[in-house]
Amino acid sequence: MWQYTTEPERYLPSNLFNFYSETFSNPPWIGTAFKGATNSCAQVPDIRHYVSNHLAWLKLIDEKIDSANVSGIILTGWQRFDHNASLCELLPVSVPSLKCCLAALDKKKFDEEDAKEVFEALGIANTFPQSH
């Protein structure tokens, strides 16, 4: 089950996880994205969007879905926004987004300090846009 928005529950029926858990012998997996799912011509990932997607899924699992009804989370990274589009958000420029998303899933939060930690570990300047 995939949803790449910052509000996955808005686009999924409320009983979907229970239905899948009752229908199949194994609970469904959640599909998120760390790159390539927001814009057909993006050159770099919108890290805030992707981290927000992961945190929204964690919140949904925590508040509305019995975690026993979820097998796990699969992070996807799209090469094309759609089948007719050119390549977008290539892997080298997407590694910071992937690392930020993994940190968010691990810590179940992500703030400016977490961003600083991720970028320092990668040995690059902090490219996480500052909050306004």
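The values are calculated or read from the model by the stated rules, or taken from the named source; none is laboratory data. What you are looking at is a predicted structure, and each value in this text was computed from that prediction instead of being measured. Because the Cβ atoms are built from the backbone with ideal geometry, glycine has one as well, and the counts that use them run over all protein chains shown. Side chains included, ligands, DNA and RNA excluded: accessible areas come from the protein's heavy atoms. Shrake-Rupley method; radii C 1.70, N 1.55, O 1.52, S 1.80 Å.
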Run down the lysines and flag those whose C-alpha is under 16 Å from the C-alpha of LYS59, throwing out any fewer than 8 positions away in its chain. LYS107, LYS108, LYS109
Run lengths n ≥ 4 of DSSP H only: what is the helix-derived mean residue ellipticity at 222 nm for the chain, with -39500 (n - 2.57) per run over all residues, to the nearest 500? -13000 deg cm²/dmol
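Given 4 °C and 1.567 mPa s, how large is the Stokes-Einstein diffusion coefficient of region 11-132 in µm²/s, with Rh as the Kirkwood radius over Cα pairs?
83
For region 12-90, run through the trypsin sites (Lys or Arg not before Pro) and keep only the ones in DSSP coil with at most 16 other Cβ atoms within 10 Å of their Cβ.
Passing sites in region 12-90 are ARG80.
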With every protein chain present, what accessible area does THR6 have (1.4 Å probe, heavy atoms only), rounded to the nearest 10 Å²? 60
For the chain, the per residue accessible area (1.4 Å probe, Å²) is 61
Ignoring ligands and nucleic acids, what accessible area does ASP62 show with a 1.4 Å probe (Å², nearest 10)? 130
Could you order VAL95, VAL51 by accessible surface area, starting with the largest, using a probe radius of 1.4 Å? VAL95, VAL51
Determine the share of region 12-71's accessible area contributed by carbon and sulfur atoms, expressed in whole percent, with a 1.4 angstrom probe. 49
